[in-house]
1. Taking the range 30-44 as the region of interest, how many residues are open to solvent by 70 Å² or more (accessible area, probe 1.4 Å) and closer than 15 Å to Ala98 by Cα?
2. Based on this model, can you work out whether Val64 counts as outside any strand (DSSP E or B), open to solvent by less than 60 Å² (accessible area, probe 1.4 Å), among the aliphatic types (A, V, I, L, M) and without any contact (Cβ under 8 Å) to a residue 60 or more places away in the chain?
3. Just a yes or no: is a residue in the range 103-112 open to solvent by 60 Å² or more (accessible area, probe 1.4 Å) and of a type in the set (A, V, I, L, M)?
4. Out of the range 79-96, which residues are buried (at least 17 other Cβ atoms within 10 Å of the Cβ) and either of a type in the set (D, E, K, R) or closer than 14 Å to Cys22 by Cβ (or both)?
5. Right, Leu4: in contact with a Gly (Cβ under 8 Å, 6 or more places away or on another chain), open to solvent by less than 20 Å² (accessible area, probe 1.4 Å) and modelled with pLDDT of 95 or more or not?
6. Pairs under 8 Å by beta carbon, first residue within 20 Å of Ser35 (Cα to Cα) in the range 2-17, partner basic (Lys, Arg), six or more apart or different chains?
7. Give the number of residues within the range 89-114 that are at pLDDT below 95 and basic (Lys, Arg).
8. Could you go through the range 44-54 and let me know if any residue there is at positive phi and assigned to a loop (DSSP other than H, G, I, E, B).
Amino acid sequence: QVQLVESGGGLVQPGGSLRLSCAASGFTFSWCDMSWYRQAPGKERELVAFISNTGGSTNYADSVKGRFTISRDNAKNTVSLQMNSLKPEDAAVYYCKADRFGLNAHWGQGTQVTVSS
């Protein structure tokens, strides 16, 4: 019943842009902090961006600061990640994650981002 479904991944050239979206259902989305993580082959999953339940606070990994923007629409139960000036090192599977205090996190299945010329 609980679902997080990512979309928007694909192939982009270095310097290009992509916008990822995550659609949530089956839980109280507005109570949850949301995050985007990414995982490249052979590497650990890493936090990319965070947004609080109300959207009032955001945090970014140093490697994406100034290039990526996280946002949410609680009326639509969605969280997005706008990615600009993409680099080859940004290539990974991107996952959205929902966190609520006292409960286990929910994870999406991920969407592939490939950055190649």
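1. Final tally of qualifying residues: 1.
2. Yes: the conditions hold for Val64.
3. Looking through the range 103-112, at least one residue is open to solvent by 60 Å² or more (accessible area, probe 1.4 Å) and of a type in the set (A, V, I, L, M).
4. Val79, Ser80, Leu81, Met83, Asp90, Val93, Tyr94, Tyr95, Cys96 - these are the residues of the range 79-96 that are buried (at least 17 other Cβ atoms within 10 Å of the Cβ) and either of a type in the set (D, E, K, R) or closer than 14 Å to Cys22 by Cβ (or both).
5. Yes, satisfied.
6. Between residues of the range 2-17 that are within 20 Å of Ser35 (Cα to Cα) and residues that are basic (Lys, Arg), the close pairs are Leu4/Lys97; Gly8/Arg19.
7. Result for the range 89-114: 1.
8. The answer is no; no qualifying residue exists.
The values are calculated or read from the model by the stated rules, or taken from the named source; none is laboratory data. All figures in this text were calculated on a predicted structure; none of them were measured in a lab. Neighbour counts run over all protein chains shown; Cβ positions are idealised from the backbone, glycine included. When the accessible area is computed, the model is the full protein with side chains, heavy atoms only, and any ligands, DNA or RNA have been set aside. Shrake-Rupley method; radii C 1.70, N 1.55, O 1.52, S 1.80 Å.
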